[in-house]
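The values are calculated or read from the model by the stated rules, or taken from the named source; none is laboratory data. Note that this is a predicted model, so its numbers are computed, not measured. Using ideal geometry, Cβ is built from the backbone for each residue, glycine included, and neighbour counts are taken over all protein chains shown.
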Amino acid sequence: MSADLSLMTTYGPQLIEGFRLTVLIWLSGSALAVALGFVLGLILSVGGPALTLPVRAYVEFFRGTPLLAQLFLAYYGGPSIGITLDAVTVGVCGLGLYGAAYFAEIFRAGFASIPEGQLEAARSFGLSRRKRIRYIILPQLLVLAVPASVNLLIILLKDTAILSIVTVPELTFQVTGMTLETFTFVAPFAALAALYWALTELVAFLGRRAELRLGVYLRPEVRAAG
Amino acid sequence: MSVLLGTSALSQSVAILLIGAGTTIAVSLAGNALGLLIAVPVCFLRLSQARAARAMGIAYVSFFRGVPLLVQLLIVYYFLPALDLDLPPFMAAAIGLGVCTAAYQAENLRGGFLIIPKGQNDAARAFGYTRLQTRRCILIPQALRAAAPAIINEMILILKASSLVSVVGVEDLMRVSQNIVARDLRPLRWYMAAAVIYLVINLALALLGRAAERRLSVGYAKVVL
């Protein structure tokens, strides 16, 4: 027990720092993925061929190749064409560009799921395209998109562990370093897995809350009361 | 002579690589098919009115989505024989991929069901459709159409994740390219070849997916935003 405590005082700060970095990279990478994915999904839904073809190529490349290969390309291949990025930037951008390809498809599905009659009605009421998207499309699109997005956010969270391979000092990197120095493996890796699992459960929980909130219009009893 | 030997070794390696690619396609197809089959009942558990059924659905999803795929594969491969279920590696890999992806596909599919207006279910029942007929003829086709892009996303992720199945002894594309590299020490050539093959398989999968979407969208107007 005392050995465990001394381990914690020695490695505690860098584990906390690793955890902070994991959450930070995951949140900013996911934010980038959602924002870029939304724009790409919108382009795939409304753009002409000149716009959709490059976006389609982007989606198929980033979705069709492994994240690790993309990270190697950016981190080790980047300097040879004059782009030198620090590991954390590569991590955030890599995760964001990779996730955006998947989110683009999720949002494309959302746009396609809106009944045409609703959009005709909205147009005849004189709503601008911006307002149609904000008030008619988005609330319904999100109901379809939330379960798939929670899936993807969880996948991106677990993929942050891959960043340790390109020397991003996130949680898995710190724990790996710690196990190599102390020769204790089971407890640190079990704790690591538990921590990731706790985070995924948190996302799943927030997702279920969001679904309840967003799906209000689908429940007849609420509609009658309102 | 050495030129001839070189080419024959090369053609041999290429043949091995293609066989590996075939195994990768087969194992990920089997895993994806099994995953979709399991995903439908899990999704209905999650959508059920009964609290106990919903809890079972949530438990399935959080376990298989929360535990890393590698761990799940090892459990299937090493724990099932302990229960006197001796599985060949290919089966173990397909089952491992299938039960894991089912959790994600159930959630993708559930999104598709959520957006179907409740009135359609009531109308179908009023027309005398049984609950099963309502699901099969009215609800599932619409849910599939709405969820198709997310389902294809996950199928592509599983195809890439199938590179893990070599840990349970399946000679997939990743494993055979490692074997070839171990013999002729040209990592760049063979890993690039493997990457290109993965990309081509994924492109084919994406194309098939969009064809399926078009098929499921027959009768829908193209949405003009």
### 1 or more residues more than 19 Å from the chain's Cα centre (by Cα) and surrounded by 17 or more Cβ atoms within 10 Å (Cβ to Cβ): qualifying helices (runs of 4 or more DSSP H) within the stretch A:1-85
A:2-46, A:49-64
### Summary
Here the residues within the stretch A:112-147 that are within 30 Å of A:PRO66 (Cβ to Cβ) and either within 17 Å of the chain's Cα centre (by Cα) or surrounded by fewer than 19 Cβ atoms within 10 Å (Cβ to Cβ) (or both) are A:LEU142, A:LEU144, A:ALA145, A:VAL146, A:PRO147
### Lone qualifier among B:LEU205, B:LEU173, B:LEU216 - being at pLDDT 85 or above and within 10 Å of chain A (Cβ to nearest Cβ)
B:LEU205
### Task
Residue by residue through the stretch A:85-117, note down the ones that are under 19 Å from B:ARG110 (Cα atoms) and either among the basic types (Lys, Arg) or free of Cβ contacts under 8 Å to residues at least 24 places away in the same chain (or both).
A:ARG108, A:PRO115
### Task
Please state which one of B:ALA102, B:ALA143, B:ALA124 is more than 9 Å from every other protein chain (Cβ to nearest Cβ), touching a helix residue (DSSP H, G or I) at 6+ places or on another chain (Cβ under 8 Å) and touching a residue at least 60 places away in the same chain (Cβ under 8 Å).
B:ALA102
### Query
Which residues, counting only those in the stretch A:176-209, are under 30 Å from A:GLN140 (Cβ atoms) and away from chain B (no Cβ under 12 Å)?
A:LEU206, A:ARG209
### Selection from the stretch B:8-39 of residues that are closer than 30 Å to B:MET56 by Cα and surrounded by 16 or more Cβ atoms within 10 Å (Cβ to Cβ)
B:VAL27, B:SER28, B:LEU29, B:ALA30, B:GLY31, B:ASN32, B:LEU34, B:GLY35, B:LEU36, B:ILE38, B:ALA39
## Note on the structure
Considering the stretch A:138-175, residues that are hydroxyl-bearing (Ser, Thr, Tyr) and in contact (Cβ under 8 Å) with a residue 40 or more places away in the chain, and then whichever is nearest to the other protein chains (Cβ to nearest Cβ), we arrive at A:SER149
### Boolean, B:ILE156 is within 11 Å of chain A (Cβ to nearest Cβ), assigned to a helix (DSSP H, G or I), in contact with a Phe, Trp or Tyr (Cβ under 9 Å, 6 or more places away or on another chain) and crowded, with 16+ Cβ neighbours inside 10 Å
yes
### Summary
Of the listed residues (B:GLN72, B:GLN49), the one being assigned to a loop (DSSP other than H, G, I, E, B) and under 30 Å from A:LEU144 (Cβ atoms) is B:GLN49
### Query
If B:VAL76 satisfies every condition in (1) within 20 Å of A:GLY215 (Cβ to Cβ); (2) away from every other protein chain (no Cβ under 14 Å); (3) touching a residue at least 60 places away in the same chain (Cβ under 8 Å) but one, which is the exception?
(1)
### Task
Please identify the pairs in which a residue from the stretch B:196-223 that is part of a helix (DSSP H, G or I) has its Cβ atom under 6 Å from the Cβ atom of a residue that is among the hydrophobic types (A, V, I, L, M, F, W, C) and modelled with pLDDT under 90, counting only partners at least 6 apart or on another chain.
none
### Query
Is it the case that some residue within the stretch B:38-58 is under 20 Å from A:ILE155 (Cβ atoms) and free of Cβ contacts under 8 Å to residues at least 24 places away in the same chain?
yes
### Task
Check B:ALA30, B:ALA39, B:ALA93 and return the single one that is at pLDDT 95 or above and under 30 Å from B:TRP190 (Cα atoms).
B:ALA30
### Task
Tell me, please, whether a residue that is over 26 Å from B:GLY98 (Cβ atoms) and surrounded by 16 or more Cβ atoms within 10 Å (Cβ to Cβ) can be found in the stretch B:191-213.
yes
## Note on the structure
Here the residues within the stretch B:159-195 that are assigned to a loop (DSSP other than H, G, I, E, B) and over 30 Å from A:ALA148 (Cβ atoms) are B:GLY169, B:GLU171, B:LEU185, B:ARG186
## Note on the structure
By residue number, the members of the stretch B:75-93 that are over 14 Å from B:VAL170 (Cβ atoms) and part of a helix (DSSP H, G or I) are B:ILE75, B:TYR78, B:PHE79, B:LEU80, B:PRO81, B:ALA82
### Query
Hey, among the residues in the stretch B:42-51 that are surrounded by fewer than 17 Cβ atoms within 10 Å (Cβ to Cβ) and not hydrophobic (A, V, I, L, M, F, W, C), which one's modelled with the lowest pLDDT?
B:GLN49
### Query
Just to be sure, is B:LEU87 of a type in the set (A, V, I, L, M, F, W, C) and in contact (Cβ under 8 Å) with a residue 24 or more places away in the chain?
no
